[in-house]
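The values are calculated or read from the model by the stated rules, or taken from the named source; none is laboratory data. Quantities reported herein were computed from a predicted structural model and do not represent experimental measurements. Cβ placement follows ideal geometry from the backbone for every residue including glycine, while neighbour counts extend to all protein chains displayed.
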Amino acid sequence: MSKKLIFLDSMVNVLNLKVCKTYSIRSARKVSLFRDFVLAVFLLVACSLLTAMPVAYGGEGYALEVNGGTVTIDDDEDALRLSSYTYELWMKDLEGPTGSWRNIFCKGPGDTAAGRGPLLALRPDEPGLHYDHSTGTGQSTINTLEGIPLNEWIHIALVLTDLNGQQIIHQDGVQAAVRDSSGLTDATQSPVLRIGLGANVVLDDFRVWNYARTEAEIQADMNREVSGGEEGLVGYWRFNEGEGTTAYDSSPYENHGTITAAIWTTEAAPIAPPVVASSPNPADSELSEDTWVSLSWRAGDGAASQDVYFGEDRNDVDEGAGDTFRGNQTATFFVVGFPGFPYPDGLTPGTTYYWRIDGVEADGTTKHKGEVWSFTVPPKTAYLPDPPDGAQSVDSDPVLGWTPGFGSKLHYVYFGDNFEDVNNAAGALPLGTTKYAPGTLKMAKTYYWRVDEFDILSTHKGDVWSFTTEGAVESLDPANGAVGITQTPVLTWTPGVFGASHEVYFGTDADAVKNADTSSPEYKGSGNLGSESFEPGQLEWNTTYYWRVDEANNTNADSPWTGPLWSFATANFLIIDDFESYNDLDPADPASNRIFFAWLDGYDDPANGSLVGYDVPPFAEQTIVHSGNQSMPFAYDNGVGKSEASLTLTSNRDWTVKGVNSLTIWYRGDSANAAENLYVALNGSAVVNHDNPDAAQRASWTEWKIDLQAFADQGVNLANVTSITLGLGNRNNPVAGGAGMIYFDDIRLYAPAP
Ligand SMILES: [Ca+2]
Ligand SMILES: [Ca+2]
C-alpha cells in the first residue's frame, strides 16, 4: 500500500462526507421532489464510487518498529487532554529488561515534572508494565511485574476511570493491575502525544478513547480494527501506511502523527480489518425532514458486501424478522420512500424507522451484525412541547415552546385551565414563532394548551398538553408514566405548598379518574398532611393505572386544587425483589426497611462468608444498578466455604400464578472476583447452580434464567415458596475458596411468551 493511496483515501472520506451532507441539507425542504431525487441519486452514486476505491488497508496490515524512533502527534485541539480515558495498543517487545526504563508512549513533553497525563513504560528490572499518570506536582503509578513475553504480541489497555477514580492495566483483555487514583489532574503543558521514545518494540493499532472502557468492550474489538467513527474514539493510528513518515489518525480529529526513525514491518499484530458498517447518514436518532430518504453509510474495510434491514419495528429490525431484510448489496446507500423502492408511497410523518447494516465477508457467509440505527420523520403536528406534557413544578411565569410540525408555516395556540375548553377551542390568531407566553399563572394549578400547525395545505390539530405550576402536589413514586411497576405498589407523593388535606382517586380508566369526585368509585379516601401514601392492593399484570390527588385548605381562597392525572403501568412479570423498597431509616422507625434485615447474610454466621449491603448509608447500591435506583451489593469470602443470603417471602409465595415458569435474576460480578459457583436455593433446600463456573467474573449485567421445573423436581411446592437464597460456593459440600463482590437486581418470575 502506497502513501499516495492512503492520502487519496483520506481525501475521499472528506469529500464523501461533504458531498453527502450537502445533499442531505438540500433535501430538507421540498423544491422539486424529482429534481431532488435525480440530484441525490447522482451524488450518491458518486459517493459510492468514491467509497468503493481502495482504502488505507494493506493486505496483511503493517506495524511500526520503534527502536529509538518516535511518532509525534500534535494535539492542538486538546482532544487527548482527558480526565477519563482508555489507551489501547498492541506491542511486541524485541529486547527484554535492559536495566533502564524504556518508555512506550507519553502524553506531554516527556518530562515527569512538567505535568501531562499517562505514560506507559517497560520496567528496568522485571518484564512488567509501568503505567504512570503525572499531574505536574506528583504522579500515580501502577505496575505489573510479570507476563511480558519476548517477541510476542500483547494487547495493552490503560484505563483511567476518573481523576478521583481508578487506574487499571489490562493485558490481553484481562485486568492485570488496579489502584485508586485520587487527586490526579488533566493538566498538560504541551499538547503532544509521543509514541515510541526509545524502547525496542513493535507497535500496532494505537487507540485513544475519551472514556473508561470496560473489559468486555476491550475484549470485543481488540482483535479487530475499528472503523474510526466509534463513539468516544478520539485518536486512532492503525500504522497501516507501510511507508513514509506520516501515521494517519482515523478518528474524527485527524491528528496525523509525524514519524522519525521508525521502521515499517509487515509482521502486524493479530487483528482483522473491520467488517461492520459505520457513520450512518442520517445520523442515528436524527430527524429526517422528508417523506423519502437515501440512507448511506461507511462500509467496514473487511466487508465485501452488506445485508440491509429496514422497518418500523426496532425488534424486527434487530432480529431480521418479518420483511425487514431488504437484500444483500455492495453499494453503500439504500433508498426508501420513493416509487420503485421500499415504501413507494412515501414515509409517514411522525414515524420512527429503524435500519441495520450487517457486514458480510468475502466468503459470503461470515456476517457481522451491525447496530440498529434509527431516524424519525417528524409529524405534521407540533411536537416536543416545552415544558414537556405533564410537567410538574413549572415556573408560574412560563414561556411555552414546541418544535413545529413538518412543513408548518403558522401556528395557532390555545391555552386555559380546562381540558375540554382547550380541546374544543378554535379561531386563535396565527403566530409566526414557536414561543407563547401565557402571562403570570396561579401557583399549584394545572393548565392545558394546544398548538395547531398550518402548512399552507391544511391545519393539523395538535394534542392537548398540560403542565402544573410550582407549589402543587407531585408524584414521587411511581413516577408519572413509569412502567414495569410491581403489582403491589405503595404510591407516595409530596403535598402541595397550600394543601392541608387530600383526596385520592385511582382506577384504570383515565377519563373516569380525571373526572371523578367523592361520589365516584374511583374515590379511595382522604387524608391529612403527613400521610402522603396510598396502597391500592393487589393489581393486575401489564395494566395501566391512573391516579390523582386533590388538595384542599379551608383557609385559602384558591382551595380546592384538582391534581394532575398521573399514570403508571404494572409489569408483565411478577417482581420478587427489585431492591427499590429498601431504605436507611433507623430500625426504631416503623418505616425502616434496611436491606440486610430483609436479606439475612453471614454477619452473625461464622460458616457463611457473605455480607449484604454497605457498612454506612446508603446501604443498598445506588450506582451499579440494573434497573430503578437500587441493587443489592453482596460481598463474599469463601474462606469459610460458602457465602449466601436469604429473603423470607412475605408475599408472592405462589409461583404458579399466571402460568409463570421461569425465574430470572440479574447479576453483575467483576473480573477480579474469585470464580466461585453461583447458586440459588428455594425453601432453604432445593439448589440450582449456574452453568457458567465463571459467572461471578462477568463484569456486565447478565440475566440468569432458571426453569422453575428445576425446583419442582427437587420437591419444592411452587404454590408455596417461602424463601429464596442467593449464594456463591458449593452449598451442599462447602470447600474453602476465594472472595469477591457481586450485585443482584430484578428477581422476577415470567410466564412463557404467548
Ligand atoms: Ca496495523
Ligand atoms: Ca433495582
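Could you tell me whether W292 is touching a Leu at 6+ places or on another chain (Cβ under 9 Å) and more than 16 Å from ligand 2 (Cβ to nearest atom)?
yes
Here is a check on your reading of the model: is L184 under 30 Å from G242 (Cα atoms) and away from ligand 2 (no atom under 16 Å from the Cβ)?
no
Does V192 meet the test of being in contact with a Pro (Cβ under 8 Å, 6 or more places away or on another chain) and β-branched (V, I, T)?
On the way: in contact with a Pro (Cβ under 8 Å, 6 or more places away or on another chain): yes; β-branched (V, I, T): yes.
Answer is yes for this residue.
Among the residues of the stretch 544-580, how many are assigned to a loop (DSSP other than H, G, I, E, B) and within 11 Å of T486 (Cα to Cα)? First the steps, then the outcome.
Here is the first cut: in the stretch 544-580, the ones assigned to a loop (DSSP other than H, G, I, E, B) are 553-560, 562-565, 571-573, 578-580.
Next, from what is left, pick out any that are within 11 Å of T486 (Cα to Cα): 571-573, 578, 580.
Qualifying residue count for the region: 5.
Return the total of residues in the stretch 728-754 being in a loop (DSSP other than H, G, I, E, B), of a type in the set (G, A, S) and either within 16 Å of ligand 1 (Cβ to nearest atom) or in contact (Cβ under 8 Å) with a residue 24 or more places away in the chain (or both).
Looking only at that region, the number is 4.
Just checking, which of S250, S279, S305 is at positive phi and among the hydroxyl-bearing types (S, T, Y)?
S279
Regarding the stretch 573-596, can at least one residue be identified that is of a type in the set (F, W, Y) and at positive phi?
Scanning the stretch 573-596, I find at least one residue that is of a type in the set (F, W, Y) and at positive phi, so the answer is yes.
On the basis of being among the hydroxyl-bearing types (S, T, Y) and within 16 Å of ligand 2 (Cβ to nearest atom), does Y582 make the cut? Walk me through how you get there before you give the answer.
Details: among the hydroxyl-bearing types (S, T, Y): yes; within 16 Å of ligand 2 (Cβ to nearest atom): yes.
Considered against the rule, which asks whether it is among the hydroxyl-bearing types (S, T, Y) and within 16 Å of ligand 2 (Cβ to nearest atom), Y582 comes out as yes.
Could you list all residues from the stretch 376-398 that are within 24 Å of D290 (Cβ to Cβ) and surrounded by 15 or more Cβ atoms within 10 Å (Cβ to Cβ)? Can you show your working first?
Just the residues of the stretch 376-398 that are within 24 Å of D290 (Cβ to Cβ), to begin with: 376-385.
Result: T376, V377, P378, P379, K380, T381, A382, Y383, P385.
If the requirement is being assigned by TED's automatic domain parsing to the domain that holds L122 and within 16 Å of ligand 1 (Cβ to nearest atom), which of these qualifies: L193, L203?
Matching residue, one of L193, L203: L203.
What about N661, is it more than 16 Å from ligand 1 (Cβ to nearest atom), closer than 23 Å to P478 by Cα and assigned by TED's automatic domain parsing to the domain that holds N733?
Details: more than 16 Å from ligand 1 (Cβ to nearest atom): yes; closer than 23 Å to P478 by Cα: no; assigned by TED's automatic domain parsing to the domain that holds N733: yes.
So N661 fails the test.
What is the residue count in the stretch 711-727 for residues that are within 22 Å of D577 (Cβ to Cβ) and without any contact (Cβ under 8 Å) to a residue 60 or more places away in the chain?
5
What's the total number of residues in the stretch 365-410 that are assigned to a loop (DSSP other than H, G, I, E, B), of a type outside the set (A, V, I, L, M, F, W, C) and on the phi < 0 side of the Ramachandran plot?
At the first step, the residues of the stretch 365-410 found to be assigned to a loop (DSSP other than H, G, I, E, B) are 365-366, 369-371, 378-382, 387-390, 395-399, 404-409.
Subsequent filtering for residues that are of a type outside the set (A, V, I, L, M, F, W, C) retains 365-366, 369-371, 378-381, 387-390, 395-398, 404-405, 407-409.
Imposing the further condition that a residue be on the phi < 0 side of the Ramachandran plot reduces the set to 365-366, 369-371, 378-381, 387-389, 395-398, 404-405, 408-409.
Summing the residues that are assigned to a loop (DSSP other than H, G, I, E, B), of a type outside the set (A, V, I, L, M, F, W, C) and on the phi < 0 side of the Ramachandran plot in the stretch 365-410 gives 20.
Sort out which residues of the stretch 597-614 are outside any loop (DSSP other than H, G, I, E, B) and free of Cβ contacts under 8 Å to residues at least 40 places away in the same chain, and write them in order of number.
F597, L611, V612
Working only within the stretch 340-364, note down all residues that are in a loop (DSSP other than H, G, I, E, B), within 16 Å of L295 (Cα to Cα) and in contact with a strand residue (DSSP E or B) (Cβ under 6 Å, 6 or more places away or on another chain).
Within the stretch 340-364, F341, P342, Y343, L347 meet the criteria.
Could you grab me the full set of residues in the stretch 399-414 that are surrounded by fewer than 20 Cβ atoms within 10 Å (Cβ to Cβ) and of a type outside the set (D, E, K, R)?
Step one: list which residues in the stretch 399-414 are surrounded by fewer than 20 Cβ atoms within 10 Å (Cβ to Cβ), which gives 399, 401, 403, 407, 409-410.
Within the stretch 399-414, V399, G401, T403, G407, L410 meet the criteria.
Here are G684, G669: which of them is over 32 Å from the mean Cα position of the chain (by Cα), small (G, A, S) and in the same structural domain as A736 (by TED's automatic domain parsing)?
Answer to the check: G684.
When only residues in the stretch 387-412 that are farther than 17 Å from G481 by Cβ and acidic (D, E) count, which is nearest to the chain's Cα centre (by Cα)?
Among residues in the stretch 387-412 that are farther than 17 Å from G481 by Cβ and acidic (D, E), the one nearest to the chain's Cα centre (by Cα) is D395.
Considering only the stretch 624-652, state which residues are in a loop (DSSP other than H, G, I, E, B), more than 12 Å from ligand 2 (Cβ to nearest atom) and exposed (fewer than 15 other Cβ atoms within 10 Å of the Cβ).
T650, S651
Which residues, taken from the stretch 246-261, are over 31 Å from the mean Cα position of the chain (by Cα) and more than 13 Å from ligand 1 (Cβ to nearest atom)?
First, the residues of the stretch 246-261 that are over 31 Å from the mean Cα position of the chain (by Cα): 246-247, 257-261.
Answer for the stretch 246-261, where residues must be over 31 Å from the mean Cα position of the chain (by Cα) and more than 13 Å from ligand 1 (Cβ to nearest atom): T246, G257, T258, I259, T260, A261.
Answer yes or no: is there a residue in the stretch 716-739 that is out of contact with any Phe, Trp or Tyr (no Cβ under 8 Å at 6 or more places or on another chain), at pLDDT 95 or above and either under 22 Å from G484 (Cα atoms) or among the charged types (D, E, K, R) (or both).
The answer is yes, given that some residue of the stretch 716-739 is out of contact with any Phe, Trp or Tyr (no Cβ under 8 Å at 6 or more places or on another chain), at pLDDT 95 or above and either under 22 Å from G484 (Cα atoms) or among the charged types (D, E, K, R) (or both).
Return a yes/no flag: does the stretch 348-359 have any residue that is touching a residue at least 12 places away in the same chain (Cβ under 8 Å), of a type in the set (D, E, K, R) and not assigned by TED's automatic domain parsing to the domain that holds T459.
yes
Among what's in the stretch 520-551 and is within 14 Å of T492 (Cα to Cα) and touching a His at 6+ places or on another chain (Cβ under 6 Å), pick the residue that is surrounded by the fewest Cβ atoms within 10 Å (Cβ to Cβ).
G527
Which number in (1) part of a loop (DSSP other than H, G, I, E, B); (2) closer than 28 Å to D345 by Cα marks the one condition that G302 misses?
G302 satisfies every listed condition except (2).
Does any residue in the stretch 222-239 that is within 12 Å of S251 (Cα to Cα) and without any contact (Cβ under 8 Å) to a residue 24 or more places away in the chain come within less than 6 Å, Cβ to Cβ, of a residue that is more than 13 Å from ligand 1 (Cβ to nearest atom) and assigned to a loop (DSSP other than H, G, I, E, B) six or more places away or on a different chain, and which pairs are these?
These pairs meet every condition: G232/N210; G232/Y211.
As an exercise: evaluate S723 against (1) surrounded by 15 or more Cβ atoms within 10 Å (Cβ to Cβ); (2) farther than 28 Å from E540 by Cα and give the number of the one condition it does not meet.
(2)
Working carefully through the options S305, S294, find the one that is under 27 Å from E231 (Cα atoms) and buried (at least 23 other Cβ atoms within 10 Å of the Cβ).
S294
Wholly within the stretch 144-236, which strands (runs of 3 or more DSSP E) include no fewer than the required count, namely at least 3 residues that are in contact with a strand residue (DSSP E or B) (Cβ under 6 Å, 6 or more places away or on another chain) and modelled with pLDDT under 90?
Values: elements: 153-160, 165-171, 174-181, 192-195, 201-209.
Because the criterion is at least 3 residues that are in contact with a strand residue (DSSP E or B) (Cβ under 6 Å, 6 or more places away or on another chain) and modelled with pLDDT under 90, no strands (runs of 3 or more DSSP E) in the stretch 144-236 meet it.
Working only within the stretch 252-272, note down all residues that are of a type outside the set (G, A, S) and buried (at least 21 other Cβ atoms within 10 Å of the Cβ).
The answer is N255, I259.
Six or more apart or on different chains, Cβ atoms under 9 Å: show the pairs whose first residue is in the stretch 529-545 and among the charged types (D, E, K, R) and whose second is exposed (fewer than 13 other Cβ atoms within 10 Å of the Cβ) and in a loop (DSSP other than H, G, I, E, B).
Sorted first by the residue in the stretch 529-545, then by its partner, the pairs are E535/V490.
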